[in-house]
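The structure appears below as structure tokens.
The values are calculated or read from the model by the stated rules, or taken from the named source; none is laboratory data. Here the structure is a predicted model, which means the values were calculated and not measured. Backbone-built Cβ (ideal geometry, glycine too); neighbour counts: all protein chains shown. Note: accessible area is taken over every heavy atom of the protein model, side chains too, but ligands, DNA and RNA are not part of it. Shrake-Rupley method; radii C 1.70, N 1.55, O 1.52, S 1.80 Å.
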Amino acid sequence: MTSEPEQQLGVGTQDAFQRLWTPHRMAYIQGENKPSGPGADDGCPFCSIPAKSDEDGLVVRRGEHVYAVLNLYPYNGGHLMTVPYRHVADYTELTGVETAELAELTKQAMTALRTASGAHGFNIGMNQGTVAGAGIAAHLHQHVVPRWGGDTNFMPVVGHTKVLPQLLGDTRKMLAEAWPAA
């Protein structure tokens, strides 16, 4: 590596920074695939995913009332969500059966992630409402984010970029194969 700034045309003022371009993130930034309204028929991706094949929808496991799906914009490799099939926005709207299955699929997701990738810990949670940070507030979903010692490095801190070591389709296949028997 050289200490001299590299000439990079078209990026603004020359400086000592290298650029890692992630144009695929523009879909997320611009709200692609976000529902146009609160109803199930308003373009909700969580309502349309179950009609797709597991591979096309990135579905890892299907339950009777809840399914597990990879996040298209993961915080870490293996980041998935447990999602009720029924279009509800608030945790208090779930039935007892849906709540139990959401919890069970979350437990199974943790087991699969430990088996497949040796996750050391997890961030598990849901954001209820837009003001609480929900990207898709109209359809409840719980995040299961695997964590490893030292998994935070300079890229997200300085570069605001997450480096993921595996394609989503490969991650889906690996987790589906590691999913524990029900």
Check: When Lys and Arg each count +1 and Asp and Glu each count -1, what net charge do the other residues less than 12 Å away from Val144, Cβ to Cβ, add up to?
Finding: +4
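Keeping all protein chains in place, calculate the accessible area per residue for segment 42-159 (probe 1.4 angstrom), answer in Å². Don't skip to the end; give the middle numbers.
On the way: 5410 Å² over 118 residues.
Roughly 46 Å² per residue, with all protein chains present.
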Item checked: Three-way shape label, segment 55-182, alpha-carbon gyration tensor, a/c 1.5 -> oblate
Check: Label Ala134 and Thr92 with points 7 Å out from Cα along Cα→Cβ: what is the distance between them in nm?
Finding: 1.3
Notebook entry, point to check: Which ³J(HN,Hα) values, rounded to whole Hz and listed in residue order, are derived for segment 136-151 from phi using the Karplus coefficients 6.51, -1.76 and 1.60 in 6.51 cos²θ - 1.76 cosθ + 1.60 with θ = phi - 60°, glycine and proline given as x?
Noted result: 10, 6, 6, 10, 3, 7, 10, 7, 10, 10, x, 10, 10, x, x, 6
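Percent of accessible area on segment 67-107 owned by carbon and sulfur, 1.4 Å probe? Walk me through the numbers before you get to the answer.
Numbers: 1040 of 1650 Å².
That fraction is 63 percent.
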